[in-house]
Structure formats: C-alpha cells, structure tokens
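One structure is given below, encoded as structure tokens.
The values are calculated or read from the model by the stated rules, or taken from the named source; none is laboratory data. Being a predicted model, the structure only gives us computed values, none of them experimental. Here the Cβ positions follow ideal geometry from the backbone for every residue, glycine too, while neighbour counts run over all protein chains shown.
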Amino acid sequence: VDGPLSGSNHNNYAIRIRNASRLQSNLAGAPAVRGLTLVTDQSLVVWGNYNTSGWIPSALMADTLYLLSNSWVDSDSYITDRYDRDGSATSVYAAVLSGIARTGGANGAAGQDHGEDTNGGGAINVFRFNEWFRVGSSSIPDFTYVGSIVSLGAPRHSQSSWGPFTYYSAPNRVWSFDERFNDADQLPPMTPAFIYLRQELFTRSYEL
C-alpha cells in the first residue's frame, strides 16, 4: 500500500478481503488454486469466513490483522454505540504472520503494564476485533481460528493503544493449530523453509 502516510507509525491504510470462504476462481476453465498467500506491509482486514470450503494451504501476512464477522456491514463503522455492532460466529483457516501490540509500547522494563489501555493483551489479541460479540448474558458466538500464528513483533503502522474497551467485546476464541501444516506439502506458498544438515560420516574415495 503506497500513500502519503504509508510510512507513518499509525495510519488507516488497509487491504480488505471478503467473500473468501472458498479460495477458487469462479471462471469456467480456470486452473485450480493449490495455495494462496496474501501479503501487505499495512493492515489486512478479513471479512467473514475464510478458506472454510474446499480448504487449501493459505497464509495471511500483514502488519496488523483485523477480523470482521459474517454479520459485519459497513454502516456499522459509523455507529458509536458498540452494542449495535453485533458479531456472529465466523471461521478462519490460515497461517498468520502479524504484528502484536506490545504491553507498554516497548520491550523490557519500559514495557510493563502502566494501567488502563497500556496492556497489549498478548497472543489472544493477535487479531483485532471491532464488534460486540457478547449477545445477551450467556450467548457468546464462537470465532473459530485454525492455523498457525507467528508474531513479527510490534506493528509498524498500527501503534494505537489497545483500549479503551468501548469498541468491541471478545468472542469465544476457539483456536487450534492446523495439523495439516505438519505436512510440508500442505504449507502455504512463501512459507519460510529451513534445512538442517548434520554430517554423520566422512570417507575418502580413491580412484587409481
């Protein structure tokens, strides 16, 4: 994403994805998509179910990752009362490389919890939500995530504070590792690869 504020430590730039429950072309005769990795140096917004039908290896790589539920409508952006932005059950199947807000905004002693709005929330807040999921007192929808999460450190372009807590309430986080990633042939495109070599035996071969 290129723009006058693309290098700023806080901007509103983002790439948004929707209608992505199935990651295949709808054009007749198009080759089957075997894997898909989406990359941006700014924020990435995923709206609704992702890769839930006809699963293929997929990854989402971004400075910050926002997840919107299937119930999201754009007019919700203008609603100041969080209780009117109801979230619903949604599922995302993908590996994730993303920044996570640091507690206190720094590493080490400087990054201690300094009170309200300074706690980064840790790994459970790797995804940023914008909806109210606590419908009533007992009905809290599940947000299912199946994949693998890698932290890139602090976001470079989304460095606002974690709170105040008037923008969302958390869903039930039903998160798990995707066992298919244990198979190298099922890893998403652009997955970093490492090779470990250890010499077990060395012999000389002489030819006369």
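A quick yes/no check of all residues on (1) closer than 21 Å to THR191 by Cα; (2) within 14 Å of the chain's Cα centre (by Cα):
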residue	(1), (2)
SER6	no, no
ALA14	no, yes
ILE56	yes, no
THR64	yes, yes
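Kindly indicate whether ARG34 is at negative phi and not in a strand (DSSP E or B). Spelling it out, ARG34 is indeed at negative phi and not in a strand (DSSP E or B).
Is one or more of the residues making up region 40-54 buried (at least 17 other Cβ atoms within 10 Å of the Cβ), farther than 15 Å from VAL96 by Cβ and touching a Leu at 6+ places or on another chain (Cβ under 8 Å)? Within region 40-54, one or more residues are buried (at least 17 other Cβ atoms within 10 Å of the Cβ), farther than 15 Å from VAL96 by Cβ and touching a Leu at 6+ places or on another chain (Cβ under 8 Å). Against the numbered list (1) among the basic types (Lys, Arg); (2) out of contact with any helix residue (DSSP H, G or I) (no Cβ under 6 Å at 6 or more places or on another chain); (3) within 22 Å of VAL150 (Cβ to Cβ), ARG102 comes up short only at (2). List the pairs whose first member sits in region 1-16 and is free of Cβ contacts under 8 Å to residues at least 60 places away in the same chain, whose second member is aromatic (Phe, Trp, Tyr), and whose Cβ atoms are under 8 Å apart, counting only residues at least 6 apart or on separate chains? Close Cβ pairs (under 8 Å, with a partner that is aromatic (Phe, Trp, Tyr)) amount to VAL1/TYR13; GLY3/TYR13; LEU5/TYR13; ALA14/TYR66; ARG16/TRP47.
Considering region 179-202, the residues that are polar (S, T, N, Q) and closer than 20 Å to VAL33 by Cα include one that is modelled with the lowest pLDDT, namely THR191.
For region 62-79, a residue qualifies if it is among the hydroxyl-bearing types (Ser, Thr, Tyr) and touching a residue at least 60 places away in the same chain (Cβ under 8 Å), and the qualifying residues are THR64, TYR66, SER69, SER71. Do we find that TYR50 is under 29 Å from SER88 (Cβ atoms) and either touching a His at 6+ places or on another chain (Cβ under 9 Å) or among the aliphatic types (A, V, I, L, M) (or both) in this structure? So TYR50 does not fit the description; no. For region 150-172, the condition of being modelled with pLDDT of 90 or more, closer than 18 Å to LEU38 by Cβ and of a type in the set (S, T, N, Q) holds for none of the residues.
Filtered by the rule that a residue be in contact with a Leu (Cβ under 6 Å, 6 or more places away or on another chain) and either at pLDDT below 95 or part of a helix (DSSP H, G or I) (or both), region 66-96 gives no residues.
If the condition is being surrounded by fewer than 18 Cβ atoms within 10 Å (Cβ to Cβ) and part of a strand (DSSP E or B), then region 18-31 contributes ARG18, ASN19. The residues of region 37-54 that are touching a Ser or Thr at 6+ places or on another chain (Cβ under 9 Å), of a type outside the set (A, V, I, L, M) and at negative phi, listed by number, are THR37, ASP41, GLN42, SER43, TRP47, ASN49, TYR50, THR52, SER53.
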